[in-house]
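Read through the structure below, which is laid out as structure tokens, and then see the notes.
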Amino acid sequence: MKRKSLLLVFALLISGCANPINQRTANNYFIEGESAMQQGNLPHAREMFSRALINARIGHLGPEAEGQVLAKLGRVYGNMCQPDDAEKAFSESISQYSKAYGENSTRLFPLKLELAQHAYDVGRYEKAVTYFDQAFPFGAEMFEQADPAGYSAVMKDYADALSKTGKAEQAKAVLAKASTSESKVGSAKVSKNSAEYVRYPTQCK
């Protein structure tokens with residue numbers, strides 16, 4: 001059932017003019033990449049998603065399909081401590097989703113936020129500030145309403161990045177927002193939403 005579900009999710013992204021052979025091949029590689037990620041086999045996941053991307057491109061599967069695979073590659077690269085490759089993959093994923101849904105779509109928010117998260121986690125604080133600034137207009141309010149605890153944790157990272165780049169006053173203002181959001185969840189544990197905000201290994205710094 002899980003295998004079928006993954007296949008359908010990816011297949012729904014395919015445009016009408018897609019090459020069916022490349023579509024099936026890309027689906028298979030994508031599913032294998034997901035399985036490898038779940039098992040912690042990052043080198044194999046990287047290989048499978050890379051092959052899925054090749055087939056998505058030569059099969060003309062469309063920008064959303066390419067964007068989805070690129071996002072997976074970005075996450076794999078990030079966890080393999082290949083920050084330049086991760087940043088490139090996330091940026092290309094955002095570009096493809098922009099083509100599919102428009103530059104102002106809220107669908108871009110999770111990707112933009114993860115790009116910022118990655119930059120922060122690997123110690124690229126200047127870039128993290130830039131990417132957080134670019135992400136928040138696309139869905140910060142929606143994120144806070146849906147997950148105030150996760151939003152608070154994100155804002156604390158943003159504030160820390162601001163502080164580390166000499167923007168102390170801005171950092172204070174952001175921390176105030178984090179505290180306000182945190183108060184909405186009372187005694188609930190403040191933690192990032194694993195579905196949208198994934199911590200990258202500290203050894204990648």
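So that you can scan it fast, the table gives a plain yes or no per residue for (1) of a type in the set (S, T, N, Q); (2) crowded, with 21+ Cβ neighbours inside 10 Å; (3) in contact (Cβ under 8 Å) with a residue 40 or more places away in the chain:
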position	(1), (2), (3)
Q38	yes, no, no
P43	no, no, no
M48	no, yes, no
N55	yes, yes, no
H60	no, no, yes
A65	no, yes, yes
V69	no, yes, yes
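Name the one entry in Y125, Y158 that is buried (at least 20 other Cβ atoms within 10 Å of the Cβ), under 17 Å from A171 (Cβ atoms) and either touching a helix residue (DSSP H, G or I) at 6+ places or on another chain (Cβ under 6 Å) or of a type outside the set (F, W, Y) (or both). Lay out the reasoning, then the answer.
Details: Y125 fails: buried (at least 20 other Cβ atoms within 10 Å of the Cβ).
None of the other options fit; the residue is Y158.
Counting residues that are over 15 Å from the mean Cα position of the chain (by Cα) and farther than 21 Å from C204 by Cα, which helices (runs of 4 or more DSSP H) fully inside the stretch 72-186 reach at least 1?
The helices (runs of 4 or more DSSP H) meeting that bar are 83-101, 125-135, 140-146, 148-164, 168-183.
Could you tell me how many of the residues in the stretch 59-101 are under 18 Å from Q23 (Cα atoms) and among the acidic types (D, E)?
Final tally of qualifying residues: 2.
Every number here is computed from the coordinates shown, using simple stated rules; none is lab data. The shown structure was predicted, so the numbers you read here are calculated from the model rather than taken from an experiment. Here the Cβ is made from the backbone with ideal geometry for all residues, glycine too, and neighbour counts use every protein chain on show.
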